[in-house]
Amino acid sequence: LVAALPLYAKSHSYGEYVFDWAWADAYQRNGLAYYPKLLSAIPFTPVTGQRLLVSDACYRIPLVQAALAHAKNVGASSFHCLFPVEADAQALAGAGLMMRSGVQFHWVNQGFSCFDDYLAAMSHDKRKKIKQERRRVKESGVSFRQ
């Protein structure tokens, strides 16, 4: 095996963490079908990762071209690759795909051993606001288990 690209045929956009409802609406308003579409992603997980599984970098663009041909052959409107690593993103762009810009925020634990340690690193006002929010959630009857 020199290359693989797991794909899902999707008839909706739920669970992707990418909001393409406007595209689906535009297709419909113009008498076109947006679904099915082909998707390469980790279901329900907005995490960057390798999508184009290749034994050598030279197979990336041909693999994308094969995915595009497959989409056409099965009647899919499009091929989507969500949250690819940079090398995969470059191959996708090199094969002519449109790139989506997005922003993700990642929290990194700076050595806090518990939530109180985390709160202690904040200003008084932020700490007070978070404690009020948590108190309101608790008073509403919502419970959490760890």
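How many of the residues in the range 99-132 are modelled with pLDDT of 95 or more and closer than 22 Å to A41 by Cβ?
The total comes to 0.
If you go through the range 133-145 one residue at a time, do you hit one that is surrounded by 10 or more Cβ atoms within 10 Å (Cβ to Cβ) and within 26 Å of V47 (Cβ to Cβ)?
no
Among the residues of the range 40-81, count how many are in a loop (DSSP other than H, G, I, E, B) and either surrounded by 12 or more Cβ atoms within 10 Å (Cβ to Cβ) or at pLDDT below 95 (or both).
Applying the first criterion (in a loop (DSSP other than H, G, I, E, B)) to the range 40-81 yields 41-48, 50-52, 55-56, 74-78.
Filter once more, keeping what is either surrounded by 12 or more Cβ atoms within 10 Å (Cβ to Cβ) or at pLDDT below 95 (or both): 41-48, 51-52, 76-78.
Summing the residues that are in a loop (DSSP other than H, G, I, E, B) and either surrounded by 12 or more Cβ atoms within 10 Å (Cβ to Cβ) or at pLDDT below 95 (or both) in the range 40-81 gives 13.
State all residues of the range 1-48 that are under 10 Å from the mean Cα position of the chain (by Cα) and acidic (D, E); if no residue qualifies, say none.
E16
Taking the stated definitions as given, is V74 touching a residue at least 60 places away in the same chain (Cβ under 8 Å), β-branched (V, I, T) and closer than 22 Å to Y14 by Cα? Can you show your working first?
Working: touching a residue at least 60 places away in the same chain (Cβ under 8 Å): yes; β-branched (V, I, T): yes; closer than 22 Å to Y14 by Cα: yes.
Yes.
Can you pull out the residues in the range 30-79 that are among the hydroxyl-bearing types (S, T, Y) and out of contact with any strand residue (DSSP E or B) (no Cβ under 8 Å at 6 or more places or on another chain)? Don't jump to the end; show me each part of the working.
Quick first cut of the range 30-79, residues among the hydroxyl-bearing types (S, T, Y) only: 34-35, 40, 45, 48, 55, 59, 77-78.
Across the range 30-79, the qualifying residues are Y34, T45.
Residues M122, M99: which one is outside the structural domain of K10 (by TED's automatic domain parsing) and within 30 Å of A33 (Cα to Cα)? Break it down into steps so the answer makes sense when it comes.
Working: M122 fails: within 30 Å of A33 (Cα to Cα).
Result of the check over M122, M99: M99.
Of all residues in the range 82-105, how many are assigned to a helix (DSSP H, G or I) and aromatic (F, W, Y)?
0
Sort out which residues of the range 89-131 are of a type in the set (S, T, N, Q) and surrounded by 10 or more Cβ atoms within 10 Å (Cβ to Cβ), and write them in order of number. Quick ask: steps written out before the conclusion?
From the range 89-131, those of a type in the set (S, T, N, Q) are 90, 101, 104, 109-110, 113, 123; that's our starting set.
Q90, the sole residue that qualifies.
The values are calculated or read from the model by the stated rules, or taken from the named source; none is laboratory data. None of the values given here were measured: they were computed from a predicted structure. Glycine gets a Cβ as well: all are built from the backbone with ideal geometry, and neighbour counts include every protein chain shown.
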